[in-house]
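See structure below.
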Amino acid sequence: MDRIDRRGFLECMAWAGTGLVWTATGGVMSSRLLTAAEAAETPARFRFVQISDTHVGFTGQANKDAAATLEQAVARINALDPAPAFVLHTGDLSHGQKPGAFDTLSKILQGVRAQRVVYIPGEHDVFLDGGKEYLSRYGAGTVNGRGWQSFDHSGVHFVGLVNVLKYKGEGVGALGEEQIEWLEKDLAPLGASTPIVVFAHVPLWAVYPQWGWTTEDAERALGYLRRFGSVTVLNGHIHQVLQKVEGTVRFHTAMSTAFPQPAPGSAPAPGPMKIPETEARRMVGLRDVSVVASGQPLAVVDSTLG
Amino acid sequence: MDTSGSVRTSLRPWRGRVAAVASLLTTAILIAGAAPGAAPVAVDIKDFKFSPAALTVPVGTTVTWINHDEETHTVTSGASGFTSTGLSHDETFARTFDRPGTYAYFCALHPHMRATVLVK
């Protein structure tokens, strides 16, 4: 496969649930058919959706109404068949903790056809009050109400990490000692064949430290993840799709549903791109992830709103 | 290409003059309401930078920060105990410095944005 356009890719992806598997490895798309034997031993398949950086309350050139684009994303989610098991929100729910933003977000996401929405915070959700309001709304069911969490779904272990509550120093994300120790214990009982999905706001790899697009102690967390045969790391924060593969660990950053940010180093600074809304719609969107077969990479499909 | 280059070049000083005049007007307006001897000063937040990053002012000066970015920024000084809320595009934050000292501050959302106010 030399080249494939996005439309062709998405059409093929529609077959993921019935036997054709598309995977992104090292940034190169590849496909193969499941054999009947593989299909027979495939555990219960399911899909989930990742949305990120909804920035409710944002108003700028690229998006006059971030709540409206979130509603479009919800409509896309609700059109998926079969429906996703759940939705992961990888942070920056609000734009600068604008008053009422969390309420607006909750109201819109109540319309999602999925069992639940799982949240982890972005720096925009916690910078004013150290996470007090965020955790009062979304901290229930997380470790000591601190925001980080893990759960299992159909044999896949999901881990949500918080890397925006120690946002000091050089402006990078950080997990902190307590959370890393918890992660070690959380993963300890799991067999190496357990598929792991880690989700956090700021990338867990050094995308572009000059803009703060990195997590300073991510390497320690990754140290506990490298023994697993399939690790998928889903992040937001940088408002664009980037992928990287390191051994069995696949990193994916996601688009925002609100506005795009420039490619690393391509502008004087990060921040909302000042482009017309119609153009921006082709750079925001959501991610559909299918868990296809044990031991196989997850099928990750990003689609734009415009 | 040459033509557009020369147009751009010729526009630059003109833009500078407009900015200088606007800045003078702003300063004049601000001075009118300030205590004598301590002219107010503005710090611009643009492209994820505080400008000027190192500011020296006399005691009693009111410094006003203006966020020109679409991204939210803050003016936060952990040690000195002052902080703005999140400043949206074109929003401002002001603080009067009544005591001499070096006031380091940063943006709580983008802590690599750092600057100081030296009050003499």
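The values are calculated or read from the model by the stated rules, or taken from the named source; none is laboratory data. Fair warning: this is a prediction, and the values are worked out from it, not measured in the lab. Using ideal geometry, Cβ is built from the backbone for each residue, glycine included, and neighbour counts are taken over all protein chains shown. In case anyone asks, the SASA skips ligands and DNA or RNA and just uses the protein heavy atoms, side chains included. Shrake-Rupley method; radii C 1.70, N 1.55, O 1.52, S 1.80 Å.
Residue by residue through the stretch A:230-237, which ³J(HN,Hα) values in whole Hz follow from phi under the Karplus form 6.51 cos²θ - 1.76 cosθ + 1.60 (θ = phi - 60°), with glycine and proline marked x?
For the stretch A:230-237, the Karplus-derived couplings read 9, 10, 10, 10, 10, 10, x, 6 Hz, x marking Gly and Pro.
Heavy atoms only, probe 1.4 Å: what % of the accessible area of the stretch B:41-119 goes to carbon and sulfur, would you let me know?
On the way: 1730 of 3260 Å².
Percent of accessible area from carbon and sulfur atoms in the stretch B:41-119: 53.
Report the full-extension gain for the segment A:Ala188 to A:His153: residue separation times 0.36 nm, less the Cα-Cα distance, to one decimal in nm. List each step's numbers first, then the result.
Numbers: separation 35, 0.36 × 35 = 12.60 nm, distance 1.77 nm.
This chain segment gains 10.8 nm when fully extended.
Which lysines, if any, have their Cα less than 29 Å from the Cα of A:Lys98, not counting same-chain residues under 8 positions apart?
Output for A:Lys98: A:Lys64, A:Lys107, A:Lys132, A:Lys166, A:Lys168, A:Lys274, B:Lys46, B:Lys49.
Separation of the stretch A:275-296 and the stretch A:121-161 by C-alpha centroid, Å?
Computed from Cα coordinates, the inter-centre distance equals 23 Å.
With a Förster radius of 41 Å, plug the Cβ-Cβ distance of A:Glu277 and A:Gln115 into 1/(1 + (r/R0)^6) and report the FRET value to the nearest 0.05. Intermediate results must be reported in sequence, preceding the final value.
On the way: r = 33 Å, r/R0 = 0.80.
According to the calculation, E is roughly 0.80.
The stretch B:55-97: which residues show an accessible-area loss of 50 Å² or more, assembly versus chain alone, 1.4 Å probe?
B:Glu70, B:Glu71
Cα centroids of the stretch A:62-114 and the stretch A:177-236: how far apart, whole angstrom?
Centre-to-centre (Cα) distance: 25 Å.
Round to a whole number: what % of the accessible area of the stretch A:46-199 belongs to carbon and sulfur, probe 1.4 Å? Can you show the working numbers first?
On the way: 2900 of 5840 Å².
Here it works out to 50 percent.
Between Rg and the Kirkwood Rh of the stretch A:45-156, both from Cα atoms, what is the Rg to Rh ratio?
On the way: Rg = 14.2 Å, Rh = 14.6 Å.
Radius of gyration relative to Kirkwood radius: 0.97.
With θ set to phi - 60°, apply the Karplus curve 6.51 cos²θ - 1.76 cosθ + 1.60 along the stretch A:269-285 and write out the HN-Hα couplings as whole Hz, x wherever there is a Gly or Pro.
Result, rounded to whole Hz: 7, x, x, x, 6, 8, 9, x, 4, 4, 5, 5, 4, 7, 10, 10, x.
Quick one: which bits of the stretch B:98-113 get at least 50 Å² less accessible when the partner protein chains are in, versus the chain alone, with a 1.4 Å probe?
B:Leu109, B:Pro111, B:His112
Tell me: how much accessible area in total is hidden between A and B, 1.4 Å probe, Å², nearest 100?
Numbers: alone 13170 and 7530 Å², together 19090 Å².
For chain A against chain B, roughly 1600 Å² becomes buried.
If you roll a 1.4 Å probe over the heavy atoms of the protein chains, what accessible area per residue do you get for the stretch B:41-119, in Å²? Kindly include the intermediate steps, with their values, before the conclusion.
Details: 3260 Å² over 79 residues.
Here the per-residue accessible area is 41 Å².
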